[in-house]
Number of protein chains: 2
Amino acid sequence: MENDINKPYKICDVNRDKKKGIVASSLEDLLAKVPEKLGLPSENLTVVLECDGTEVDDEEYFSTLDPDTALMILHGNEKWAPNMPKCQVSLDQ
Amino acid sequence: MENDINKPYKICDVNRDKKKGIVASSLEDLLAKVPEKLGLPSENLTVVLECDGTEVDDEEYFSTLDPDTALMILHGNEKWAPNMPKCQVSLDQ
């Protein structure tokens, strides 16, 4: 473990369908817990910021994240995309 | 090292394809870490603000940047360009 400070994060998959709260003490710890939480394989995972797709690949940067930062977990060749709010178009007159 | 204050930054390449979080204590420290992070050569690198292309070439200005400022790393003759949001044009009638 990098340190003993457990912090909460919000993790989601590439489609933002599954979103879960998780507590982790390090990036390594987070990556160990993610597969079971999101039903993802345990290899070829990439952590990015949900807001803008910035990759988080080192413990030093990970440790600067605010509590409850939203993180997207990508598997294999999955790509981050911005969150497009769905809108409802009504043709009623 | 210019000082001991490590701050987080978001770095990207000229195409904004690769975006990574990084922690650095100075401009010199950032430039030392960039090549491995972004898969760029270690020479002829220029740091500019991602938002408007302002070149950051001295430590004093670098030290005034807010945490998590987005920086673009240019190599050789690469030029900054504004971020064009992708949009989908449909020709269906």
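For the stretch A:11-31, how many residues meet the condition of being over 10 Å from A:Ile73 (Cβ atoms) and not in a strand (DSSP E or B)?
8
Just the residues that are among the polar types (S, T, N, Q), away from every other protein chain (no Cβ under 14 Å) and free of Cβ contacts under 8 Å to residues at least 12 places away in the same chain, please, taken from the stretch A:17-72.
Across the stretch A:17-72, the qualifying residue is only A:Ser42.
For the stretch B:32-41, what are the residues that are part of a helix (DSSP H, G or I), surrounded by 16 or more Cβ atoms within 10 Å (Cβ to Cβ) and of a type in the set (A, V, I, L, M)?
Passing the criteria: B:Val34, B:Leu38.
Of the residues B:Asp4, B:Asp13, which single one is within 14 Å of another protein chain (Cβ to nearest Cβ), within 27 Å of A:Leu65 (Cβ to Cβ) and either modelled with pLDDT of 95 or more or in contact with a helix residue (DSSP H, G or I) (Cβ under 6 Å, 6 or more places away or on another chain) (or both)?
The unique qualifying residue is B:Asp13.
Looking at (1) out of contact with any strand residue (DSSP E or B) (no Cβ under 9 Å at 6 or more places or on another chain); (2) open to solvent by 60 Å² or more (accessible area, probe 1.4 Å), find the lone condition where A:Ser26 falls short.
(2)
The values are calculated or read from the model by the stated rules, or taken from the named source; none is laboratory data. Keep in mind the model is a prediction, meaning the values are calculated, not measured. FYI the Cβ positions are ideal-geometry reconstructions off the backbone, even for glycines, and counts take in every protein chain you see. Protein only, heavy atoms only, side chains kept; ligands, DNA and RNA dropped before computing areas. Shrake-Rupley method; radii C 1.70, N 1.55, O 1.52, S 1.80 Å.
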